[in-house]
Amino acid sequence: MAFVTGRAVRWVSDEPFPGWVEVLLTDAHGAEWSLFDKPTAFDDEGRLRGNTAYPVDVDVACEVVGRGQLADGTEVLTVSTRLPFGIEAADGRTEFLVDVDQVRDLDQAR
């Protein structure tokens, strides 16, 4: 399993239990994608709560499904957030092109 860097920006709701949080993932082109899920999907340390001071950097579990380069030579990875937690963007998207520096493996995750 790998992790892509995201930023929890707000607590969305207390329902359904244990709550709902919004995380922004910035892709290799600078576009921001809103990911919504339970706080435990983004944080196993219990940092994300309704009274947390946002934003908070988080690691989003993903798998690397491709590797390539942008026209300017920047190395990029295609990651899928479908596994292991089924995390998706507001529009249902689960694959994102991200800078290689945004991705860490299990041993390097925060």
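The values are calculated or read from the model by the stated rules, or taken from the named source; none is laboratory data. Nothing here was measured: the structure is a model prediction, and the numbers come from that model. Heads up, the Cβs are rebuilt from the backbone with ideal geometry, glycines too, and the neighbour counts pull from every protein chain shown. When the accessible area is computed, the model is the full protein with side chains, heavy atoms only, and any ligands, DNA or RNA have been set aside. Shrake-Rupley method; radii C 1.70, N 1.55, O 1.52, S 1.80 Å.
Points worth noting:
- Amide H partners (placed H, <5 Å) of Val12, local residues excluded: Trp20, Val21, Glu22
- Overall, the accessible surface of segment 50-100 at a probe of 1.4 angstrom is composed of carbon and sulfur to the extent of 46 percent.
- The length gained by stretching the chain between Asp101 and Val9 to full extension, at 0.36 nm per residue less their Cα-Cα distance, is 31.0 nm.
- Amide H to amide H distances under 5 Å link Val58 with Gly6, Arg7, Ala8, where only residues 5 or more positions off or on other chains count and H is placed in the peptide plane.
- Kirkwood-based Rg to Rh ratio, segment 20-74, C-alpha trace: 1.06
- Computed over neighbours whose Cβ is under 15 Å from that of Ala89, the net charge equals -4, Lys and Arg +1, Asp and Glu -1.
- All alpha carbon pair distances within the chain were sorted into 10 Å bins beginning at 0; the resulting P(r) in whole percents reads 16, 49, 29, 6, 1.
- Solvent exposure of segment 26-72, expressed per residue, is 58 Å² of accessible area, with all protein chains present and a 1.4 angstrom probe.
- Charge tally around Trp33: other residues with Cβ under 12 Å, Lys/Arg +1 each, Asp/Glu -1 each, net -4.
- Stokes-Einstein diffusion coefficient of segment 53-108, Kirkwood radius over Cα pairs, 20 °C, 1.002 mPa s, in µm²/s: 173 µm²/s
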